[in-house]
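The values are calculated or read from the model by the stated rules, or taken from the named source; none is laboratory data. These figures come from a predicted structure and were not determined experimentally. So basically every Cβ, Gly included, is an ideal-geometry build from the backbone, and we count neighbours across all protein chains shown. All accessible areas refer to the heavy atoms of the entire protein, side chains included, with ligands and DNA or RNA removed. Shrake-Rupley method; radii C 1.70, N 1.55, O 1.52, S 1.80 Å.
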Amino acid sequence: MATENKNLSHYDKNTIPNAKDFRFGIVVSEWNGHITGGLYQGAVDTLIDCGALPENIIKWDVPGSFELIYGAKRMMDTQNVDCVITIGCVIKGETMHFEFVCEGVTQGIKDLNVIGDIPVIFCLLTDNNEQQSIDRSGGKHGNKGIEAAITAIKMTDLRERSK
């Protein structure tokens, strides 16, 4: 496993653009909420640590990970955000459902990035078991929500610089 001995949530604030002028949307799946809540908190704390104003962070909840796509699209269309972070967690079970949801969400978020003008950040845990998700949502492997926030800031900055 690529992150088994690494905590990827450490960042150097001196290398991150200041986020004070950016407006972020975060769409969070309620499914596996004990995991997605930790990812969300990591993302928000990081955005604020990097200068984002709390009033410029909008959160929408959706029932499950598959609904992240629609939630992100509606947020892009209605909320005047500079970037959207999608947060979800799918844990493998005994059926093919895991593969279908993971593939659908991955392709849907990719499509939003291809057709839209606003970066959509993919923060979907796709783990084999609950412990792996816990380890990546504030546990021993850090918090993927932090990584998503840093990515959001960098991609929003890229968008602004490339206009």
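A few comments on the model shown:
- In the stretch 19-32, of all residues being closer than 19 Å to M75 by Cβ and open to solvent by 10 Å² or more (accessible area, probe 1.4 Å), the one that is farthest from the chain's Cα centre (by Cα) corresponds to D21.
- Among (1) open to solvent by 20 Å² or more (accessible area, probe 1.4 Å); (2) within 19 Å of D157 (Cα to Cα); (3) of a type in the set (F, W, Y), the one test that Y40 misses: (2)
- Cβ-Cβ contacts under 7 Å between residues 6 or more apart (or on different chains), taken from a first residue in the stretch 33-44 that is without any contact (Cβ under 8 Å) to a residue 60 or more places away in the chain and under 13 Å from L124 (Cβ atoms) to a second residue that is assigned to a helix (DSSP H, G or I) and of a type in the set (F, W, Y), are absent.
- Of all the residues in the stretch 70-117, those that are in contact with a strand residue (DSSP E or B) (Cβ under 8 Å, 6 or more places away or on another chain), of a type in the set (S, T, N, Q) and within 19 Å of R159 (Cβ to Cβ) number 3.
- Enumeration of residues in the stretch 45-96 that are of a type in the set (K, R) and assigned to a strand (DSSP E or B): K59
- Residue in the stretch 97-113 that is more than 16 Å from the chain's Cα centre (by Cα) and either on the phi > 0 side of the Ramachandran plot or assigned to a loop (DSSP other than H, G, I, E, B) (or both) present: no
- Unmet requirement for A149, which otherwise passes all of (1) among the small types (G, A, S); (2) over 14 Å from the mean Cα position of the chain (by Cα); (3) within 20 Å of P17 (Cβ to Cβ): (2)
- Test: residue in the stretch 48-67 that is touching a Ser or Thr at 6+ places or on another chain (Cβ under 9 Å), among the aliphatic types (A, V, I, L, M) and open to solvent by 20 Å² or more (accessible area, probe 1.4 Å): no
- Inter-residue pairs, beta-carbon under 7 Å, first under 15 Å from G88 (Cβ atoms) and open to solvent by less than 60 Å² (accessible area, probe 1.4 Å) and in the stretch 98-116, second assigned to a loop (DSSP other than H, G, I, E, B) and among the hydrophobic types (A, V, I, L, M, F, W, C), 6+ apart: V101/F66; G104/F66; V105/F66
- Members of the stretch 117-163 found to be of a type in the set (K, R), open to solvent by 60 Å² or more (accessible area, probe 1.4 Å) and either under 17 Å from V44 (Cβ atoms) or in a helix (DSSP H, G or I) (or both), listed by number: K154, R161
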